[in-house]
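Data first, discussion second: the structure below is written as structure tokens.
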Amino acid sequence: MEAEKRSRGLLKVDVDECKGCGLCVEACPPHVISMSEKLNHYGYRTATYVGEGCTACGICFMVCPEPGAITVLKAVYRASDEPGRSLRAEAKEVACASN
Amino acid sequence: MSSGLIAEYEVVQGKAKSFYDTYERKDELQHQTHYCPGCGHGTIHKMLARAIDELGIQDRTILVSPVGCSVFAYYYFDVGNVQAAHGRAPAVATALKRSRRDSIVVSYQGDGDLSAIGSAEILHAANRGENITVIFVNNAIYSMTGGQFAPTTLLGQKSTTTPLGRSAQHEGYPLHVSELLATLEAPVYIERVALGDNKQIAQAAKAIKRAMENQVKGLGFSLIEVLSPCPTVWKMQPVQAQQWVHDVMEKTFPLGVFKDRTKEAHVWPARDAAPPLETIPEILGVAHEELPEGKAEMRAQVKDVDLHVRVAGFGGQGVLLLGEVLAEAGLDAGLEVSWLPSYGPEMRSGTSNCHVRLSKEPIDSPLVTVPNVLVAMNEPSLRKFDASVKPGGWVIYNGDAFPEDCVREDVHVLALPFTQVANELGDTRAANMVMLGALLEMTGALPQESVDAALKRLVKNPRFVELDERALARGRELYRNSAVR
């Protein structure tokens, strides 16, 4: 939990769209993307967020040749009393689902 | 972070709206592009889609996709799409932009498409300063077809057609398209960018957006050349290919802005819209007042006719005009007609002939290979076509005596010195109309009023109209007085 708190960003990879070219791994400034051990449906190793350290700079998205393989999310901080807006749990789910 | 705050995540970078959600292509693969892993096309597509999104022009963007790997760009972009013949995208884009002036037209081309087969199209579109955006993806090779050498292939670079590497001696030097086009006056913005590293990619995205913006502002022609990796054909890993763009390609193709007139460029006033379709006949001077009812009536009066006419002679004898008047008169009388000229490049003293068909039924072919009327304005033409005349058909020959070796038992012949007759009327050039007069009288196919109308439309000088009318009348008279029936 502490690790996630520190991350300003979050990375979502669509494993069916990623072709495993590895450009994002090379491009990521904080080096928080790696290639998966598991192969996807089409036989590619896919980009995987290591789970922490994303700064939401968006460079991985920019170098990725697939239109929707990578989605970059950025943390915004709001007062906790704002009702019904907590997406933190949702973001966590996203992170789990994509890795 | 204080305990009073919680983190929420918002998407900052995601699939552009200008892409379709799913791609209508092969069954299983509707979720990804057809490009190879690490291909530059996908990256450039994303930059373009992002620019379209940001400028809010998705509804009026038309993407012209080329021949090459990006031929299928229409599977991905949710904009207007036209796929052009090899190299012709700038010409297609010109037409689109001129006929739909509010549209934003992007010509997306590879280096084989743009710099080889399409070199003329891009040169002239740039020189005309068409208000379009060209994305020129340069990977120094023909990739879709498996790696043949392109005009942009680097010196020493191996390809399937330069297996020992490109040599300047045999294949010339790499073509620098951006530099070349930047020598023209009209283009507004030409920049070469690359996909060699993060910084370069960011710059490429900026340049593409600027090129689109220029068009939105109406400034004129913008071209962005993108040095783009092709890992598959270069036989490299994607990261290695990216590195090659940066370390090797860039040495031959230096990056930078080669032309930027965006500040001083003025917005041309929009070209006038094309005139409405229904006004075109009037503009061309072919308006028929009595269409279509009057024609139908006249047509009913015209007797059954199926003329296959071959008119032949020297260039300058009025062969084509004879055929044209005949066809135009047929058109005026409500018949189906065709007129097909066939001539050499000479304006005078070459040979010339034309095919004319007139029929009440739709015409299958405008070619007349077996004429039922041959109008031979000189002896060589007679010799050339005499044998082709259908048995029972007619030969109208311009000459004193019909050559004996051309005589056929199964055709009718009217041989008279028409040129001399025309000379007596005041001008030898009217010989064609004397012959036409004889033809009209012989076939009785067309009402005189249609012939008069045709003559007035095709012959602008009233002096010649008068002469031709006399010539036609004389031709009719000659036929009536002749012994041939």
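Quick look at the numbers
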| quantity | calculated |
| --- | --- |
| Surface per residue (accessible, 1.4 Å probe) for chain B, Å² | 46 |
| Nearest-0.05 FRET efficiency for B:V465 and B:T279, computed from C-beta distance (R0 35 Å) | 0.85 |
| Estimated inter-spin distance, B:A85 and B:E409, nm [label 7 Å along Cα→Cβ] | 5.2 |
| Cross-link reach list, lysines versus B:K456, counting only Cα pairs under 24 Å and skipping chain neighbours closer than eight places | B:K295, B:K303, B:K360 |
| Total charge dipole magnitude, region B:328-485, about the Cα centre, Cβ charges on Lys, Arg, Asp, Glu only, Debye to nearest 20 | 220 |
| Theoretical gain in end-to-end length, B:Q448 to B:L29 [0.36 nm per residue, Cα-Cα removed] | 144.0 nm |
| Contact surface A-B: accessible area buried, both sides summed, square angstrom, 1.4 angstrom probe | 3700 |
| Residues of region B:68-82 with amide N under 15 Å of the 7 Å Cα→Cβ point at B:D102 | B:80 |
| Area accessible to solvent at B:H86, 1.4 Å probe radius, in Å² | 60 |
| Pairs beyond 20 Å (Cα-Cα), from B:K46/B:K217; B:K158/B:K251; B:K17/B:K46; A:K38/B:K15; B:K46/B:K235 | B:K46/B:K217; A:K38/B:K15; B:K46/B:K235 |
| Label-point separation in nm, B:L458 to B:K199, each point 7 Å along Cα→Cβ | 7.2 |
| Segment B:S388-B:N423, length gained on full extension (0.36 nm per residue, minus Cα span) | 9.6 nm |
| Chain B: calculated mean residue ellipticity at 222 nm from DSSP helix runs of at least 4, using -39500 (n - 2.57) | -10000 deg cm²/dmol |
| Dipole magnitude (debye, nearest 20) for the protein assembly as shown, charges at Cβ of Lys, Arg, Asp, Glu | 1600 |
| Chain-alone versus full-assembly comparison, region B:214-255, residues with accessible loss of at least 10 Å² (1.4 Å probe) | B:P238, B:V239, B:Q242 |
| Residues B:D21 and A:L39, FRET efficiency given R0 of 35 Å [Cβ-Cβ distance, rounded to 0.05] | 0.90 |
| Carbon and sulfur %, accessible surface of chain B computed with the full protein complex present, 1.4 Å | 54 |
| Calculated FRET efficiency for the pair B:E250/B:V216, C-beta based, R₀ 25 Å, to 0.05 | 0.25 |
| Residues of region A:17-62 buried by at least 40 Å² on assembly (accessible area, 1.4 Å probe, chain alone as reference) | A:E17, A:K19, A:C21, A:L23, A:Y42, A:F61, A:M62 |
| Cα gyration tensor, the protein assembly as shown - rounded (a/c under 1.5), prolate or oblate | prolate |
| Extension gain from B:R60 to B:W268, taking 0.36 nm per residue of separation minus the Cα-Cα distance | 72.9 nm |
| Stokes-Einstein D in µm²/s, Kirkwood radius over Cα pairs - chain B at 37 °C with 0.692 mPa s viscosity | 119 |
| Distance in nm between pseudo-label sites at B:R480 and B:D306 (7 Å out along the Cβ direction from Cα) | 3.0 |
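The values are calculated or read from the model by the stated rules, or taken from the named source; none is laboratory data. Note that the structure is a prediction, hence the values are computed from the model and not measured. Cβ sites come from the backbone with ideal geometry, for glycine too, and all protein chains shown count toward neighbours. In case anyone asks, the SASA skips ligands and DNA or RNA and just uses the protein heavy atoms, side chains included. Shrake-Rupley method; radii C 1.70, N 1.55, O 1.52, S 1.80 Å.
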